[in-house]
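A short worksheet on the structure shown next.
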Amino acid sequence: MTDVNRVWRLRKRPVGLIEDDVLSFEREPIPEPGEGQFLFRLNYLSLDPTNRIWMSDMDQYMPPVALDAPMRGVVCGTVTDSRHAGFAAGDMVSGIGVWADYQLGAPPLLNKLAPLEGIAAAQAFGLFAVVGPTAYFGLIEVGKPAAGETVVVSAAAGAVGSLVGQIAKIKGCRAVGSAGSDEKCRTLTELGFDAAINYHRDGLPLALKRACPKGIDVYFDNVGGEILDACLGQMNLNGRIPTCGLISQYNAAGDVPGPKNYPAIVMKRLRVQGFIVLDYAARYPEAIAALAQWLRQGKLTFRMDMRDGLENALSALRALFSGDHRGKLMIHVH
Ligand SMILES: NC(=O)c1ccc[n+]([C@@H]2O[C@H](COP(=O)([O-])OP(=O)(O)OC[C@H]3O[C@@H](n4cnc5c(N)ncnc54)[C@H](OP(=O)(O)O)[C@@H]3O)[C@@H](O)[C@H]2O)c1
């Protein structure tokens, strides 16, 4: 153990893209656990679009990170010292922590990472901490897909999107994905999607029409903006739109236009429902069991983009907004 702790602190609220001076990388003393706390060393840091939301002083589902506070993140680490009766040195923990080598934790924000046969810790953390349950509950509980229906998902080559399309196939649906390059579209086909649209190149309404000849029953929205509008215009009667995220707007510095096809919600009796995966926290074991089984059966592929070094966290985070990553983006720290 070194006696220096490296910590990323939020210094400024970003406006538009996350500039270098939004965070600073400090060297600080390692904290000592108080009664009921444990100290853990960071092994993996999950990088998520919501990190950008947490940096902003906007209305959101959690308080934003305070200025000068350590940057919040979804983390996985190993306990090195404990003053909590339920945790001992060597335990692996995961949950909501901060971007730092060493940090203090306690339930309910941090809990033991349960070992799963045949699934490595990095994969278990990457798949089960956020994106797997998001895809599972967002599609199955909010989207309610029925066999034979058409499911469209945006940011389909990303962590949540690639799982949504594969779960749609497992449920007997036609799966259509949109992604930002031909290479990503080829990946979608390899993952079993029935059709893939490169939204940078293919004209959206027409490409969607070709890919969804029977219309859209479920549009799993990761992006908002233009693709949401195009899908609204092609939804079938009683269609569902699980609103998972709006990544096309997270870096917007000003107002964003509303969807032109909003009237479709009335005319087609659509159900548009936002959700936050934390709403389903009590039911995570159900999602984990199903996802782990599909993984072991070879029905689900989970791709990770693992980068090295806590010092690279900020530059790596930007890849979520440029699309310059392949699969679940994470940092290997120790
Ligand atoms: N509701 C919840 O509880 C919950 C939980 C987790 C995630 N989410 C949301 O789910 C979505 C996906 O998250 P993820 O972790 O799986 O990330 P991801 O899809 O692995 O990465 C983000 C992807 O978004 C696409 N993108 C970025 N900027 C875009 C833009 N301006 N227009 C269109 N596409 C853009 C990029 O793909 P392309 O190269 O294809 O453009 C990028 O690869 C995000 O909206 C996130 O906020 C919600």
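The values are calculated or read from the model by the stated rules, or taken from the named source; none is laboratory data. Computed from a prediction, not measured in an experiment: that's the story for all the values here. Quick reminder, even Gly has a Cβ in these numbers, built from the backbone with ideal geometry, and neighbours come from all protein chains shown. These accessible areas exclude ligands, DNA and RNA; they are computed on the full protein's heavy atoms, side chains included. Shrake-Rupley method; radii C 1.70, N 1.55, O 1.52, S 1.80 Å.
Separation of the range 1-76 and the range 268-334, taken as the distance between their Cα centroids, equals 19 angstrom. DSSP finds beta bridges in the chain, and of those with both partners inside it, around 60 percent are antiparallel. Specify whether the C-alpha gyration tensor of the range 252-334 places it in the rounded, prolate or oblate class, a ≥ b ≥ c being the square roots of the eigenvalues: rounded for a/c under 1.5, otherwise prolate if a/b is larger than b/c and oblate if not. Oblate, because a/c is 1.5 or more while a/b does not exceed b/c. Charged neighbours of ARG318, selected by a Cβ distance under 11 Å, balance to -2 (K, R count +1; D, E count -1).
Top mean-square fluctuation among ALA106, ALA252, ALA316, Gaussian network model of the chain, C-alpha springs under 10 Å? Judging by the Gaussian network model, the answer is ALA252. Quick check: the angle from helix 284-296's long axis to the longest principal axis of the chain, C-alpha only, nearest 10 degrees? That helix lies at roughly 70 degrees to the long axis.
Look at the dipole of the chain built from charges on Cβ: of PHE137, TYR44, PHE25, the Cα furthest out on the positive end belongs to PHE137.
For the range 168-211, what class follows from the C-alpha gyration tensor (a ≥ b ≥ c being the square roots of its eigenvalues): rounded when a/c is under 1.5, otherwise prolate if a/b is larger than b/c, else oblate?
Here the range 168-211 falls in the oblate category.
When the alpha carbon gyration tensor of the chain is reduced to an equivalent ellipsoid, its three semi-axes come out at 36, 22, 17 angstrom, largest first. Counting only GluC sites (Glu not before Pro) that DSSP places in a loop and that have at most 12 other Cβ atoms within 10 Å, the longest clean stretch of the chain runs over 118-334.
THR243 contributes an accessible area of around 30 Å² to the protein surface, as traced by a 1.4 Å probe with all chains present. With contacts taken as Cα pairs under 8 Å at a separation of at least 6 residues, the chain carries a relative contact order of 17 percent.
Assign unit charges at the C-beta atoms only (+1 for Lys and Arg, -1 for Asp and Glu), then state the dipole size of the chain relative to its Cα centre in Debye, rounded to the nearest 20.
It works out to roughly 1260 debye.
Within the range 189-292, the trypsin sites (Lys or Arg not before Pro) that combine a DSSP coil assignment with at most 12 other C-beta atoms in a 10 angstrom radius are ARG201, LYS214, LYS260, ARG269. Of the residues LEU163, LEU116, LEU204, the one that moves most in a GNM of the chain with alpha-carbon contacts below 10 Å is LEU116. The lysines whose alpha-carbon is closer than 24 Å to the alpha-carbon of LYS260, local same-chain residues fewer than 8 away aside, are LYS209, LYS214, LYS268. Just want the answer: with Cβ charges of +1 for Lys and Arg and -1 for Asp and Glu, which residue in GLY148, GLY177, ASN222 is farthest toward the dipole's positive end in the range 129-236? Of the listed residues, the answer is GLY148.
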